[in-house]
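**Q** Take a look at the following structure, please.
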Amino acid sequence: MAATKRAPAGAAVLRGDITAAIRNAVMHELAEVGYGRLSIEAVARRAGVGKTAVYRRWSNKLEMVLEIVSGVAERSVPMPDTGSFESDLQLLTFIVSKALQHRIASQIIPDLMAEAARNPKIAETLNKALSKHQRAVGETIVGQAVARGELPAGTDPEMAVDLMLGPLYWRLAVLRTPIDDDYLEKLSASVTAALRAGSPAQ
């Protein structure tokens, strides 16, 4: 019978509950003080751990924030399939608008966008995470609408997603203007009409 493999003596065993506490602390610190003023010390204090627990997982603040934020940004959003593109779009915009209006996300997103203008690594990470989400929406919701014959066969998924979700980022993350269900309904109807009209002639 083979002997059970043991971790080398002195090897760090990273407890999942501590990692979760640190991740949660990072998100709250980002929301409260922003990336510029965020510190490893404050994160450790909020998480109820020593600084060494943080440094066992990430070597510096930037690495820590990029991994945690990209993990949140890349979480899959439920993709509606109601049988109607306009209904799918209305449900999707409702889900995304609620996420953007979350008390933590609404503070973190504008701050990280500003940091991205100064830090190429943050810009690259955000771009990668958001592009992945955009492709998923385009391939699924726009793709199934084209397959059902609701949108023209030549519909550009990337442009369609810009029209679908761009107004939400503009209103909620840039202007920071509240929106309601009536706005989402009108947005869905307007975007649907625009996409059904087809691409402009080349």
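Quick note: the coordinates plus some simple rules give every number you see, no bench work behind them. No experiment lies behind these values; they were computed from the predicted model shown. Neighbour counts run over all protein chains shown; Cβ positions are idealised from the backbone, glycine included.
**Q** How do MET27, MET113 line up, fewest other C-beta atoms within 10 Å first? Could the numbers behind the result be given before it?
**A** Values: MET27 19, MET113 15.
The fewest-first ordering by Cβ neighbours comes to MET113, MET27.
**Q** Find how much the distance from ASP180 to ASN119 grows on full extension, using 0.36 nm per residue of separation minus their present alpha carbon separation; answer in nm with one decimal.
**A** 18.6 nm
**Q** I need the shape label for segment 21-68. Rule: rounded when a/c is under 1.5, else prolate if a/b > b/c, else oblate, with a, b, c from the alpha carbon gyration tensor.
**A** oblate
**Q** What is the distance, in nm, between label points placed 7 Å from the Cα along the Cα-to-Cβ direction at ARG148 and at ALA189?
**A** Inter-label distance under the simple model: 1.8 nm.
**Q** With charges set only on the Cβ (+1 for Lys and Arg, -1 for Asp and Glu), what does the dipole of the chain come to about its Cα centre, in debye to the nearest 20? Don't skip to the end; give the middle numbers.
**A** On the way: 24 positive and 22 negative charges, 253 e Å.
Roughly 1220 debye, rounded to the nearest 20.
**Q** Here is a follow-up. When only DSSP loop residues count, what trypsin sites (Lys or Arg not before Pro) in segment 162-202 have their Cβ near at most 13 other Cβ atoms within 10 Å?
**A** Working: sites: ARG171, ARG176, LYS186, ARG196; in loops: ARG176.
Within segment 162-202, the qualifying trypsin sites (Lys or Arg not before Pro) (loop, at most 13 other Cβ atoms within 10 Å) are ARG176.
**Q** May I ask you to list the lysines whose Cα is less than 18 Å away from that of LYS61, ignoring any residue fewer than eight positions away on the same chain?
**A** Candidates past the 8-residue exclusion: LYS51, LYS121.
**Q** On C-alpha positions alone, give me the angle between the axis of helix 105-116 and the longest principal axis of the chain, in degrees, nearest 10.
**A** Roughly 80 degrees, rounded to the nearest 10.
**Q** Name the trypsin sites (Lys or Arg not before Pro) in segment 96-150 that are in a loop by DSSP and that have at most 15 other C-beta atoms within 10 Å, would you?
**A** Numbers: sites: LYS98, ARG103, ARG118, LYS121, LYS128, LYS132, ARG135, ARG148; in loops: ARG103, ARG118, ARG148.
Listed in order of number, the matching sites are ARG103, ARG118, ARG148.
**Q** Can you give the calculated 222 nm mean residue ellipticity of the chain, where each DSSP H run of n ≥ 4 adds -39,500 (n - 2.57) and the sum is split over every residue, rounded to the nearest 500 deg cm²/dmol? Could you put the intermediate results ahead of the total?
**A** Numbers: 10 runs with 128 residues, N = 202.
It lands at -20000 deg cm²/dmol.
**Q** Could you give the radius of gyration (one decimal) and Dmax (whole number) of the Cα atoms in the chain, in Å?
**A** For the chain, the Cα-based Rg and Dmax read 21.0, 72 Å.
**Q** Using θ = phi - 60° and the Karplus form 6.51 cos²θ - 1.76 cosθ + 1.60, what ³J(HN,Hα) does each residue of segment 41-49 get, whole Hz, x for Gly and Pro?
**A** Each residue's phi maps through the Karplus curve to give 4, 5, 4, 4, 5, 5, 6, x, 10 Hz.
**Q** Still on this structure: Hey, fewest Cβ within 10 Å first, where do ARG57, ARG75 land in order? Mind dumping the intermediate values first?
**A** Details: ARG57 16, ARG75 9.
Ordered from fewest to most neighbouring Cβ atoms within 10 Å, ARG57, ARG75 come out as ARG75, ARG57.
**Q** Do any GluC sites (Glu not before Pro) in segment 49-139 lie in a loop, going by DSSP, with at most 16 other beta-carbon atoms within 10 Å of their beta carbon, and if so which? Could you put the intermediate results ahead of the total?
**A** Values: sites: GLU63, GLU67, GLU74, GLU86, GLU115, GLU124, GLU139; in loops: GLU74.
Filter output for segment 49-139: GLU74.
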